[in-house]
Amino acid sequence: MEKETTGENGNMIIRELKHEEADKIIYPLISSAFADTFTYSALETRTQSELEQFERLKDSFRQRDFIFLAAFNENNDLMGFSISFQLRIYEIYTQTSVVLPEYRRKGVYSELTKAILKKAGEMGYQMVTSNHVASNNAVIVAKLKLGFSISGFELVDDFGALVKLTFYLNEKRARMYNVRTALRRPDQDLKDLLKL
């Protein structure tokens, strides 16, 4: 997958990466990208027994679908990236998205997110989800503008208070979400699903 788009920062190319490319390009940047946050890596808490099992767990985890996307400018400079993976049979979860500081507020994050939605839809997934620190308004608002919905809240030890966002790729499930949140009354199609 390669998609060229024009944004505030000129031409941008979104390219899908393989695991090996992500290992070289993306993963080395993650710790520095989040260095100023009040979080910690759960990997740092592993016991000796957990360390001994880590490679086996990592190998089994990599059997899931992954979507590694990177945005580059016309000079092939990395602008940002995202890592998404299969959380459930029908769900892609965006674990990490980073836009390098000099490219922020120029549409890179939104273009990466649109590319994730497109790729996940092509792969047959019904939803794309993500969790965000509750005070990360810039990202939450950007995703809400793209059609994501708030679908939950969670408190976790490593990141604190999180907001869960969901984009329903399946149109019927998107409509059902609006029924469940009392935004819309069910039409006959959804009444049939609910056996009303």
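Distant-in-sequence amide contacts of residue 184, defined by a placed amide H-H separation under 5 Å and a gap of 5 or more residues or a different chain, comprise 179.
Across the range 85-134, counting alpha-carbon atoms alone, Rg and Dmax equal 12.0, 37 Å. The alpha-carbon of residue 172 sits under 17 angstrom from the alpha-carbons of these lysines, leaving out residues fewer than 8 places away in its chain: 191, 195. Using a probe of 1.4 Å on the protein chains alone, the accessible area found for residue 154 is around 90 Å². In terms of Cα atoms, the Rg and Dmax of the chain work out to 18.2, 57 Å.
Remark: relative contact order (the range 111-177) = 36 percent; criterion is Cα-Cα distance under 8 angstrom and separation of 6 or more residues. Of all segments of the chain bounded by chymotrypsin sites (Phe, Trp or Tyr not before Pro) found in a DSSP loop with no more than 12 other C-beta atoms within 10 Å, the longest spans 41-196. Ligands, DNA and RNA left out, the accessible area of the chain computed with a 1.4 Å probe is 51% carbon and sulfur.
Accessible surface for the range 10-150, divided over its residues, is 56 Å² per residue with a 1.4 Å probe.
When 133, 139 are compared by accessible area of protein heavy atoms, the largest-first order is 133, 139, using a 1.4 Å probe. Pairwise Cα distances in the range 108-196 exceed 15 Å for 64 percent of all pairs. When exposed loop sites are taken as trypsin sites (Lys or Arg not before Pro) in a DSSP loop with at most 15 other Cβ atoms within 10 Å, the longest stretch of the chain clear of them is 106-183. Each residue of the range 26-35 was assigned a 3J(HN,Hα) from its phi angle through the Karplus curve 6.51 cos²θ - 1.76 cosθ + 1.60 (θ = phi - 60°); the sequence is 8, 4, x, 8, 5, 5, 6, 5, 10, 4 Hz, with glycine and proline shown as x.
Residue order by solvent-accessible surface for 43, 78, 155, 165 is 155, 43, 78, 165, largest first, with ligands and nucleic acids left out and a 1.4 Å probe. Taking a straight line from the alpha carbon of residue 106, these lysines sit under 21 Å away, with near neighbours fewer than eight places off in the same chain left out: 3, 114, 118, 143, 145.
The values are calculated or read from the model by the stated rules, or taken from the named source; none is laboratory data. These figures come from a predicted structure and were not determined experimentally. Neighbour counts run over all protein chains shown; Cβ positions are idealised from the backbone, glycine included. With ligands, DNA and RNA removed, areas are computed over all heavy atoms of the protein, side chains included. Shrake-Rupley method; radii C 1.70, N 1.55, O 1.52, S 1.80 Å.
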